[in-house]
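Q: Here it is, the structure in full.
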Amino acid sequence: MTSQSTESPGQQTAGQQDILAAFRQAFGHDADGVWMAPGRVNLIGEHTDYNEGFVLPFAIDLKARVAVRALPESRTVRLLSAQGSGSQGSGGALEFDLDHLEPGGEYGWASYPLGVAWALEQSGVTVPGFELYLDSTVPLGSGLSSSHAIECATITALTELSGASLTAQDLVLLTQRGENDFVGAPTGILDQSASLRGERGHAVFLDCRDQHAELIPFDAEADDLVMLVIDTRVAHSHSDGGYASRRAACEAGAAALGVPALRDLGPEDLAGAEDLLDDLTFRRVRHVVTEDARVLETVAVLTSDGAKAIGPLLDASHVSMRDDFEISCPELDLAVDSARTAGAIGARMTGGGFGGSAIALTPRALEDHVRQAVLDAFASAGFGEPRLFTVTPAEGARRLA
Ligand code: ADP
Ligand code: MG
């Protein structure tokens, strides 16, 4: 398949000149290059990853770009972000020493680039000191994985500047190591797999047990559909107790049912499970088991009938998260319901839950109408104004200049 940029060459060059100039201004000399990695949206497959199941995210056309210069004789790292942070009081770049990095330390956003540098070194790659200027269009904390966009852009740059030869799978696992052991976030492989492996017009089907990845055609445009993201702007946190308790319920359910992970159950096992489990644990299990089945069906339907046919699967996923897994919230439910009522063909909350974003697959001709309906519904409910934008399945991490 072709993997052309969604931008025209002229726009792309202009874009890179912008960040190259910002780098020069910040550090007083030229960058070696510019690398990018996108944010992601999970099309379907929520809370299935840690149950060794299936997920289907796609890389989006919002991305983190990093301009980087290697400092070969040095162990110094200097970091600056166009989105504000970089000035620890001094107005200049944040500065670190690669030989004095502490896993779990309080580094703020710097923990993301430092974490992947650390993970590379842990794996035996010698990383040079470097200067990095970050400029990202991925909104922070909306559930679109702005943090993984930084990590994946940085690890792609550092791998090349270190002269290491690593596979996409190596980068996925090293990014996970940086997140788990340096940043201190117990995340899986979903986000970085989408960001590193995504391709334009495709979603990334992932088996979280054996980590097999496969590109699945997902071309909403071909069906005159747009993927609308509704960022509720309600704060969420993956380290919050809701996530931990869902995870614990899944583990308890698997143990009670005598399987290594909920991935080992199918919808046909649910009747028996209901007899063995208390109601709450059963509903948690039912979400995961049916969600795995929905991911597999979405892959099949996308391949046979295209994006226009997946609406009911998105709807069913939301209902399952709302009623069985109980990770939605009033703002997410309103986003989904108002978008569907106004003509979206399918909608669901996406991401870990308790806030963040919903997605609504919407006929292009109805986009403005759906947007307005969602805004009106939020205003009527007295909720804060959500942020609405469309995303398209885009290419994964790569060098831009
Ligand atoms: P998400 O990854 O879902 O967007 P996270 O809480 O995991 O949310 O990551 C958000 C954090 O990533 C921010 O608090 C900030 O530390 C960092 N971050 C993301 N984008 C930028 C940016 N452009 N500049 C500086 N820090 C950023
Ligand atoms: Mg994140």
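Q: Just report the Cα centroid separation between the stretch 163-189 and the stretch 64-84, whole Å.
A: Going from one Cα centre to the other spans 19 Å.
Q: Any idea how far apart ASP305 and ALA271 come out in nm if each label point goes 7 Å out from Cα toward Cβ?
A: 2.6 nm
Q: Also: Give me the tail of P(r) for the stretch 217-391 as a percent: Cα-Cα pairs with distance above 27 Å. Let's see the in-between values first.
A: Working: 4841 of 15225 pairs.
For the stretch 217-391, the share of Cα pairs beyond 27 Å comes to 32 percent.
Q: Now, a different point. For the stretch 91-142 and the stretch 350-368, what is the centre-to-centre distance using only Cα atoms, to the nearest Å?
A: 32 Å
Q: Angle check, please: helix 367-381 long axis (alpha carbons) against the longest principal axis of the chain (alpha carbons), in degrees 0 to 90, nearest 10.
A: 80 degrees
Q: Distance in nm between label sites at ARG24 and ALA256, each 7 Å beyond Cα in the beta-carbon direction?
A: 6.5 nm
Q: Can you compute the charge dipole magnitude of the stretch 89-222 about its Cα centre, using +1 on each Lys and Arg Cβ and -1 on each Asp and Glu Cβ, nothing else charged? Give it in debye, rounded to the nearest 20.
A: On the way: 4 positive and 20 negative charges, 43 e Å.
The calculation lands at about 200 debye.
Q: Can I ask one more? Between Rg and the Kirkwood Rh of the chain, both from Cα atoms, what is the Rg to Rh ratio? Could you put the intermediate results ahead of the total?
A: Numbers: Rg = 21.2 Å, Rh = 21.7 Å.
My calculation of the ratio gives 0.98.
Q: Using DSSP to call loops (not H, G, I, E or B), can you name the GluC sites (Glu not before Pro) in the stretch 58-142 whose Cβ has at most 12 other Cβ atoms within 10 angstrom? Could you put the intermediate results ahead of the total?
A: Details: sites: GLU73, GLU95, GLU106, GLU121, GLU131; in loops: GLU73, GLU106.
Passing both the DSSP loop test and the Cβ count: GLU73, GLU106.
Q: I've got another one for you. If I model a spin label at ASP210 and ARG398 as a point 7 Å from the Cα along the Cα→Cβ vector, what separation in nanometres do I get?
A: Taking the simple label geometry, ASP210 and ARG398 are separated by 2.9 nm.
Q: Next question. What full-extension length gain, to one decimal in nm, is calculated for ASP333 and ASP97 as 0.36 nm per residue of separation minus the Cα-Cα distance? Write down the numbers at each step before the final one.
A: Numbers: separation 236, 0.36 × 236 = 84.96 nm, distance 4.59 nm.
Residue separation times 0.36 nm, minus the Cα-Cα distance, leaves 80.4 nm.
Q: Percent of alpha carbon pairs in the stretch 125-236 separated by more than 20 Å? Mind dumping the intermediate values first?
A: Working: 3174 of 6216 pairs.
Across the stretch 125-236, Cα pairs with separations above 20 Å total 51 percent.
Q: Pull out the extension gain between ASP278 and LEU375, defined as 0.36 nm times the separation in residues minus the alpha carbon to alpha carbon distance; nm, one decimal.
A: Working: separation 97, 0.36 × 97 = 34.92 nm, distance 3.96 nm.
That pair, ASP278 and LEU375, stretches by 31.0 nm at full extension.
Q: Tell me the net charge near THR175. Cut-off is 13 Å between Cβ atoms, THR175 excluded, with +1 for each Lys or Arg and -1 for each Asp or Glu. Write out the running numbers ahead of the final one.
A: On the way: positive: ARG40, ARG177, ARG197; negative: GLU151, ASP170, GLU179, ASP181, ASP191.
The answer is -2.
Q: Highest mean first, what order results for 48-54, 273-279, 151-157 on Cβ atoms within 10 Å? Intermediate results must be reported in sequence, preceding the final value.
A: Values: 48-54: 23.9, 273-279: 13.0, 151-157: 30.7.
Ranking, from highest mean packing down: 151-157, 48-54, 273-279.
Computed from the coordinates by the stated procedures, all read-outs in this text should not be read as laboratory data. Nothing here was measured: the structure is a model prediction, and the numbers come from that model. Note that each Cβ is placed from the backbone with ideal geometry, even for glycine, and that neighbours are counted across all protein chains shown.
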